[in-house]
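The values are calculated or read from the model by the stated rules, or taken from the named source; none is laboratory data. None of these values were measured; they are calculated from a predicted model. We place every Cβ from the backbone using ideal geometry, glycine too, and count neighbours over all the protein chains shown.
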Amino acid sequence: MAPTVLDGTALDPVRRWLLTTDQRGLADVYDELRAAGPLVPTPWGSLLVTGHRDCARVLTGRTWLTIGARWRDAHRPGWRHSPSTVALCRSALQTDPPRHARKRHLLTRLVAPRLLPRLEPVAARRAEECLRALDDRLRREGTADAVAAVCRPLPAAVLAELLDLPPVDLDRLGAAAHDYSRAAELVRTPGLVRRADAAAADLTDRLGALIDRHRRRIPPPRWCEPEPGDALDALLTLFGAGVVTTSALLGSVFLALLENPGAAARIGGDPGYADRFVDEVLRWDPPARVVTRVASAPAELAGTVLPEGRVVHVLLGAAHRDPEVFGDPHAFDPGRPPGRLLAFGAGAHYCVGAAVGRAQAVALARGLARRVPGLRLAAAPRRRTGPNFADLDHLPVAPRIPACFPRGRAEGGRP
Ligand code: HEM
């Protein structure tokens with residue numbers, strides 16, 4: 001079997017991959033990495049997996065385990081002092097079979113299928129509320145941050161309503177979920193870990209208190225039916241996994257619609273086109289860009305036998321630009337034939353909330369399509385650093401013609 005693992009020549013694209021956050025820059029980096037080989041070594045001893053087929057094989061293969069407690073005990077002593085890392089390792093996301101099945105079962109019971117009939121109307125109503133808040137701010141101030149008005153608040157609001165949580169401070173819940181999810185980052189600065197730990201502690205206190213208050217009700221609400229520890233893990237997991245990812249998708253949909261006004265016009269005339277548009281955004285820049293796994297036994301990948309313990313990073317973004325699966329991969333084309341998206345993962349850990357995230361993106365695309373002719377980017381968007389998530393920090397927008405949002409007039413143009 002010919003060795004395909006490279007020598008150190010690929011270090012530069014790896015460093016660029018760590019530092020690049022905008023998806024156009026990343027497209028070039030993905031091409032360079034792919035040219036370097038299917039498995040590109042990193043300076044920290046792991047491999048980047050660049051091709052769609054190999055990424056899918058890792059995600060679906062039984063040999064490949066998550067970076068859970070056992071791996072951390074062996075390689076990251078001291079990790080148990082970090083509450084966010086402990087919470088992450090208790091979640092389904094970093095639990096392996098056979099324990100994974102029970103955790104996943106609890107999550108799927110909470111998320112599906114009972115709430116699915118409510119999903120579209122809830123997502124549409126909440127998206128419209130956020131868009132109206134954006135309209136109001138544009139009227140009052142002339143510019144507004146679409147991330148603060150729409151992309152950040154919408155996911156926590158939809159999830160809380162679908163789960164039938166009692167009234168909670170959604171802004172604080174959403175912000176804490178964002179900070180907590182950073183525990184999964186590949187590049188973890190001490191500041192990031194401190195924020196993630198504080199957020200995990202805050203979420204644990206607040207969601208724990210909510211569960212204690214409500215589980216004595218008869219019958220108990222669905223979200224606190226399981227044992228208290230399980231219910232807390234489940235809520236932490238759903239908010240940790242579902243808020244930052246959906247927020248990233250909403251930011252990418254917003255930006256892509258501003259950049260493709262023709263698509264906005266098409267969605268206006270054919271609401272079904274919004275689904276294809278969202279699929280193409282998911283392909284173009286998957287909200288979760290990296291999934292990490294470790295080989296539990298010697299494993300063959302891309303023609304190489306990798307030893308037990310070898311860590312690989314599955315590059316979902318690079319897989320989606322693989323020309324063997326997606327023709328003309330760097331063209332943004334919602335009309336392209338469907339290909340196998342890996343944006344929600346694959347195999348045992350396939351995303352529990354895929355329908356929830358997607359429904360919000362489709363609702364946003366439909367609501368925004370009506371507004372796009374009157375909107376423009378007010379300045380370059382600001383992206384968060386780090387290779388894991390595609391979320392935006394700041395997306396400033398302004399009316400194309402200020403009169404479209406006359407100051408001092410109430411919604412709907414009434415004086
Ligand atoms: C656009 C939005 C979303 C994207 C792109 C996304 C992406 C992903 C990906 C890639 C995975 C697999 C991780 C792995 O294999 O290690 C995953 C798992 C997961 N997602 Fe999502 N997700 C989204 C929204 C949501 C939402 C809204 C929820 C909650 C309602 C959610 C809950 C979960 C959970 C609980 C898992 C772990 C499943 C398991 O380990 O069995 N996600 N997601």
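Return yes when ARG310 is touching a strand residue (DSSP E or B) at 6+ places or on another chain (Cβ under 8 Å), within 16 Å of the ligand (Cβ to nearest atom) and either at pLDDT 95 or above or over 30 Å from THR385 (Cβ atoms) (or both) and no when it is not. So ARG310 does not fit the description; no.
Criterion applied to THR204, THR237 was being part of a helix (DSSP H, G or I), of a type in the set (S, T, N, Q), touching a helix residue (DSSP H, G or I) at 6+ places or on another chain (Cβ under 9 Å) and farther than 26 Å from VAL294 by Cβ, and the one residue passing it is THR204. Residue pairs whose Cβ atoms lie under 6 Å apart, separated by 6 or more positions or on different chains, with the first residue in region 137-160 and in contact (Cβ under 8 Å) with a residue 24 or more places away in the chain and closer than 11 Å to ASP171 by Cα and the second in a helix (DSSP H, G or I) and of a type outside the set (A, V, I, L, M, F, W, C), are ARG152/GLY174; ARG152/SER247; LEU154/ARG126; LEU154/GLN360; PRO155/THR246; PRO155/SER247; ALA156/GLY174; ALA157/ARG126. Taking the listed residues ARG182, ARG215, ARG195, ARG172, the one that is touching a residue at least 60 places away in the same chain (Cβ under 8 Å) and among the basic types (Lys, Arg) is ARG182, with no other qualifying. Residues that are polar (S, T, N, Q) number at least 2 in the following helices (runs of 4 or more DSSP H) confined to region 1-112: 83-90.
Among the residues of region 298-341, those that are under 18 Å from ARG24 (Cβ atoms), out of contact with any Asp or Glu (no Cβ under 7 Å at 6 or more places or on another chain) and outside any loop (DSSP other than H, G, I, E, B) comprise LEU315, LEU316, ALA318, ALA319.
The residues of region 110-149 that are closer than 20 Å to GLY240 by Cβ and either surrounded by fewer than 15 Cβ atoms within 10 Å (Cβ to Cβ) or among the β-branched types (Val, Ile, Thr) (or both), listed by number, are VAL111, VAL147.
Within region 245-256, can one find any residue that is away from the ligand (no atom under 13 Å from the Cβ), aromatic (Phe, Trp, Tyr) and part of a helix (DSSP H, G or I)? Yes, there is a match, as at least one residue in region 245-256 is away from the ligand (no atom under 13 Å from the Cβ), aromatic (Phe, Trp, Tyr) and part of a helix (DSSP H, G or I). With the structure loaded, tell me whether ASP270 is within 14 Å of the ligand (Cβ to nearest atom) and surrounded by fewer than 18 Cβ atoms within 10 Å (Cβ to Cβ) or whether it fails that test. Answer is no for this residue.
Has region 155-170 got at least one residue that is touching a Gly at 6+ places or on another chain (Cβ under 7 Å), more than 13 Å from the ligand (Cβ to nearest atom) and aliphatic (A, V, I, L, M)? So far as region 155-170 goes, no, none of its residues is touching a Gly at 6+ places or on another chain (Cβ under 7 Å), more than 13 Å from the ligand (Cβ to nearest atom) and aliphatic (A, V, I, L, M). Checking each residue in region 76-96 for being more than 14 Å from the ligand (Cβ to nearest atom) and of a type outside the set (A, V, I, L, M, F, W, C) picks out ARG76, PRO77, GLY78, ARG80, HIS81, SER82, PRO83, SER84, THR85. For region 280-297, residues that are assigned to a loop (DSSP other than H, G, I, E, B) and of a type outside the set (Asp, Glu) total 5.
This table checks each residue for (1) under 19 Å from the mean Cα position of the chain (by Cα); (2) surrounded by 15 or more Cβ atoms within 10 Å (Cβ to Cβ).
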{"position": "LEU207", "(1), (2)": "no, yes"}
{"position": "LEU210", "(1), (2)": "no, yes"}
{"position": "PRO219", "(1), (2)": "no, no"}
{"position": "CYS224", "(1), (2)": "no, yes"}
{"position": "ALA231", "(1), (2)": "no, yes"}
{"position": "ALA234", "(1), (2)": "yes, yes"}
{"position": "VAL243", "(1), (2)": "yes, yes"}
{"position": "LEU255", "(1), (2)": "yes, yes"}
{"position": "GLY262", "(1), (2)": "no, no"}
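LEU235 passes all but one of (1) near the ligand (Cβ under 9 Å from one of its atoms); (2) over 30 Å from GLU308 (Cβ atoms); which number fails? LEU235 satisfies every listed condition except (1). Just for region 53-79: of the residues that are touching a residue at least 40 places away in the same chain (Cβ under 8 Å) and of a type in the set (A, V, I, L, M, F, W, C), which one is farthest from HIS349 (Cα to Cα)? Filtering first and then ranking leaves TRP71. Candidates are the residues of region 97-108 that are of a type in the set (D, E, K, R) and touching a residue at least 60 places away in the same chain (Cβ under 8 Å); the one that is nearest to the ligand (Cβ to nearest atom) is ARG104.
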